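A.B. asks: Below are the C-alpha cells for one structure; questions will follow.
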Amino acid sequence: MENILVAGANGTTGKKIITLLESSQYFTPIAMVRKKEQQEQFEKRNIKTVLADLEEDVSQTTKNIDKVIFAAGSGGKKVKEVDENGAKKLIEASKNAKVKKFVMLSSMGADKPEEAEDLQEYLQAKHNADMYLRDSKLPFSIVRPGSLTDNQGKGKIELSEKLHKRGEISRDDVAQTLVRVLHDSAFVNETFEIIKGDTLIGKAIPN
C-alpha cells in the first residue's frame, strides 16, 4: 500500500478523493488539512491527517509519503498564495522526499490563461504551478477538467491532451480520474484535459 498525501482533503473534491483512496487496495490516504477542527472527521474513520497550511512551511508534510494529489484551492481568494505558491512549496517538499509521483488538479484554460474571458488570475496561477511541476523533474500527471459540477458521477469521461472544446464534468469523475492516474504507468509526465464523455475512466486511463 502506498501512502498518498491529499492536499485540499477538506475540499469538496478532496473529500471524494479521500473516500476513494479509503476503499482502495493499492493506496492509503493521508489527509492534509489546514485547521485542527478539520482533522476529526478523518480521524474518526482511522484516516491519518497532516496539519499544514499552504501559506506556511509545508516541508514536513511529505515525510513517508509515496505520492501526492494536489487538490487544494483558495476558492479564488488567495490564488497567488495558495494555488500557485502553495503548490510550488509542496512540489519542493515532494522533491526533497523523493516522492514517486505528483498528481496536479489543474484546470482547462491553464495552458493559455491570457485567452480566458474570466478567471484570468486563477488560471495564470494554475499555469505557473503546472509549469513549475513540469520543470521539477518529479514524475507527474497534470489533470485539467472542464467546469466542475456536483452532479452524480457517471464513471465516464472524454480525455485528450487538448479537447478544443469546453464542457463540464462532475467532481465525482474528477476524483476518480485523479486516483486512477496515481498508478505508476498512467500518463507519466503528461498533461491532459477531461470533460464528461462516453469512455469508462478505466478504459480512458489504462494502468
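A.B. asks: May I ask you to derive the relative contact order of region 10-107, considering only C-alpha pairs under 8 Å and at least 6 residues apart, and to give it as an integer percent?
C.D. replies: Relative contact order comes out at 25 percent.
A.B. asks: Taking the Cα atoms of region 80-163, report the difference between the largest and smallest coordinate on each principal axis, in whole Å and largest first.
C.D. replies: 37, 30, 23
A.B. asks: Mind grabbing the accessible area of residue 27 for me, 1.4 Å probe, Å², rounded to tens?
C.D. replies: 10 Å²
A.B. asks: List the trypsin sites (Lys or Arg not before Pro) in region 3-72 that DSSP assigns to loop (not H, G, I, E or B) and whose Cβ has at most 10 other Cβ atoms within 10 Å. Which are they?
C.D. replies: Here the sparse-neighbourhood loop sites are 35, 44.
A.B. asks: What percent does the relative contact order of the chain come to when contacts are Cα pairs within less than 8 Å and at least six residues apart?
C.D. replies: 18 percent
A.B. asks: Let me ask something else about it. If R0 is 22 Å, what FRET efficiency do you get for residue 25 and residue 186 from their C-beta distance, rounded to 0.05?
C.D. replies: 0.85
A.B. asks: If you don't mind, there's one more thing I want to ask. According to a simple spin-label model (label point 7 Å from Cα along Cα-to-Cβ), what is the distance in nm between residue 112 and residue 57?
C.D. replies: 4.3 nm
A.B. asks: Enter the mean projected area of the convex hull around the alpha-carbon atoms of region 25-142, in nm², rounded to one decimal.
C.D. replies: Numbers: hull surface 31.1 nm².
Result: a mean projected hull area of 7.8 nm².
A.B. asks: Going down the table (15/63; 44/162; 15/137; 112/196; 137/203), which pairs top 30 Å between alpha carbons?
C.D. replies: Where the Cα-Cα span goes over 30 Å, the pairs concerned are 44/162.
A.B. asks: Moving to a separate point now. Rolling a 1.4 Å sphere over the protein heavy atoms, what is the accessible area per residue of region 109-160, to the nearest Å²? Don't skip to the end; give the middle numbers.
C.D. replies: On the way: 2870 Å² over 52 residues.
Averaged over the residues of region 109-160, the accessible area is 55 Å².
A.B. asks: Taking all protein chains as present, what is the carbon and sulfur share of the accessible area of the chain, in % to the nearest whole number, probe 1.4 Å?
C.D. replies: Ligands and nucleic acids excluded, carbon and sulfur give 44 percent.
A.B. asks: By its C-alpha gyration tensor, with a ≥ b ≥ c as the square roots of the eigenvalues, how is region 42-96 shaped: rounded for a/c under 1.5, else prolate for a/b larger than b/c, else oblate?
C.D. replies: Verdict is oblate for region 42-96.
A.B. asks: How big is the dipole moment of the chain about its Cα centre under a simple scheme where the beta carbon of each Lys and Arg is +1, that of each Asp and Glu is -1, and everything else is neutral? Debye, nearest 20, please.
C.D. replies: For the chain, the charge dipole is close to 560 debye.
A.B. asks: If you don't mind, another one. For Rg and Dmax of the Cα atoms in Å, the listed values are (i) 19.3, 54; (ii) 17.4, 55; (iii) 15.6, 45; which was obtained by calculation from the structure presented?
C.D. replies: Given (i) 19.3, 54; (ii) 17.4, 55; (iii) 15.6, 45, the calculated one carries the label (iii).
A.B. asks: Just add up the charged neighbours of residue 63: K/R +1, D/E -1, any other residue whose Cβ is under 12 Å from the Cβ of residue 63.
C.D. replies: Working: positive: 48, 98; negative: 66.
Around residue 63, the charge tally is +1.
A.B. asks: Also, I was wondering about something else. Could you provide, to the nearest whole Å², the per residue accessible area of region 1-93 with probe 1.4 Å? Write out the running numbers ahead of the final one.
C.D. replies: Numbers: 4560 Å² over 93 residues.
Solvent-accessible surface per residue comes out at 49 Å².
A.B. asks: Scan the chain and report its longest stretch carrying no GluC sites (Glu not before Pro) that are both in a DSSP loop and have at most 14 other Cβ atoms within 10 Å.
C.D. replies: Between exposed loop sites, the widest span is 57-116.
The values are calculated or read from the model by the stated rules, or taken from the named source; none is laboratory data. This one's a predicted model, so the numbers in the text were calculated from it and none came from an experiment. Every residue, glycine as well, gets a Cβ built from its backbone with ideal geometry; the counts of neighbours run over all protein chains shown. Keep in mind that these areas ignore ligands, DNA and RNA; they rest on the heavy atoms of the full protein, side chains included. Shrake-Rupley method; radii C 1.70, N 1.55, O 1.52, S 1.80 Å.
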